[in-house]
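Here's the structure, in structure tokens; my notes come after.
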Amino acid sequence: MRAYLPDYDLVAPAGIDELLRLIAREPGEWRPIAGGTDLMVLLEADRLPFRRLVSLSRITELRGITASDTYITMGGLTTYSDIQNNEILQREFPLLVKAAGWTGAVATQNRGTLAGNIANGSPAADSPPALLVYDAEIGLLSERDVTWREYCEFHTGYKTNCMEPDEIIAHISLPRNTDGCVQYLRKVGTRKAQAIAKVAFAGLAKLRDGVIERIRIALGSVAPMPIRCHQTESVLLGSHIDPATIAQAKDAIASEIAPISDIRSTAEYRTRVTMNLLDEFLRGLAA
């Protein structure tokens, strides 16, 4: 069954001020739509719960990638193709570039946006684990002000987040501090391309004299939302990588996840794969 289009309202503000006035005047009434790669699937199946949509396609202020000495900042309408084509991201943030290349087919990559991927909040989304290990910050814009939040605090549960009804994701910033870091990303799925992750693992670490002085680990598809593994990081920080440390870290990461069994995999499989990927990351780091 398809949706009956006259049941829906769609407006396309010409600028950011018009957009912010609209969603401030009727907070929660208007659902922003960027690339539409998630929402249009629901619309086609007549499962879209929102009846009033506001298109961001004409908001030029939400486009572009800029860099300073300390941060690279992507506008909310940055597409997966934009990410893959940016030289700084290719050089300093290869995990995000790789994740962008995993997201659907080329048509989806040309249209889908990073902010839309974040706002949709799927625990199996490709970009969040990379954003988490890069200590991403999210710029939330409303008619009131701009609020910056650490991305690791953005998701609050399954497809829920800390945004107020009158806010949009305007920017995503990454600190340029990856020099000397070992970076690792794996996605385990049914196929190598165009597959939803059964488990996604991102890791970033820096060693000094064989001791871990910086460590970030993030996961997708093993909890109601993408997660940073703070407990596992605490086990590893300041440690040498040896069999005992690896075993302790695997126990810690197993306690931090809450995988489910569904049509794509089982909870037991997801737990075992997560522990194996951590093992692979740490042994590669030690080597």
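The values are calculated or read from the model by the stated rules, or taken from the named source; none is laboratory data. Quick caveat: nothing in here was measured; it's all calculated off a predicted structure. Methodologically, a virtual Cβ is constructed for each residue, glycine included, from the backbone with ideal geometry; neighbour enumeration extends over all protein chains shown. Only protein heavy atoms, including side chains, enter the accessible area calculation; ligands, DNA and RNA are left aside. Shrake-Rupley method; radii C 1.70, N 1.55, O 1.52, S 1.80 Å.
Within segment 131-155, if we keep just the residues that are assigned to a strand (DSSP E or B) and of a type in the set (Val, Ile, Thr), the residue that is surrounded by the fewest Cβ atoms within 10 Å (Cβ to Cβ) turns out to be VAL146. Taking segment 1-46 as the region of interest, how many residues are in a loop (DSSP other than H, G, I, E, B), under 20 Å from ARG111 (Cβ atoms) and open to solvent by 90 Å² or more (accessible area, probe 1.4 Å)? Qualifying residue count for the region: 0. Listed conditions (1) in contact with a helix residue (DSSP H, G or I) (Cβ under 7 Å, 6 or more places away or on another chain); (2) among the aliphatic types (A, V, I, L, M); (3) not assigned by TED's automatic domain parsing to the domain that holds PRO129 are all met by ALA45, apart from (1).
Of the conditions (1) of a type outside the set (Lys, Arg); (2) in contact with a Phe, Trp or Tyr (Cβ under 9 Å, 6 or more places away or on another chain); (3) closer than 20 Å to THR178 by Cβ, GLY104 fails just one. Which one is it? Going through the list (1) of a type outside the set (Lys, Arg); (2) in contact with a Phe, Trp or Tyr (Cβ under 9 Å, 6 or more places away or on another chain); (3) closer than 20 Å to THR178 by Cβ, GLY104 breaks only (3).
With the requirement that a residue be within 17 Å of the chain's Cα centre (by Cα) and in a loop (DSSP other than H, G, I, E, B), what does segment 216-256 give you? Passing the criteria: SER221, VAL222, ALA223, PRO224, MET225, PRO226, CYS229.
Any idea how many residues of segment 186-203 are surrounded by fewer than 24 Cβ atoms within 10 Å (Cβ to Cβ) and either of a type in the set (Asp, Glu) or in a strand (DSSP E or B) (or both)? So the answer is 3.
Residue check: is ARG31 under 16 Å from LEU140 (Cα atoms) and modelled with pLDDT under 90? In short, yes.
Looking across segment 144-166 at every residue that is touching a residue at least 60 places away in the same chain (Cβ under 8 Å) and among the acidic types (Asp, Glu), the one that is nearest to ALA200 (Cα to Cα) is identified as GLU164.
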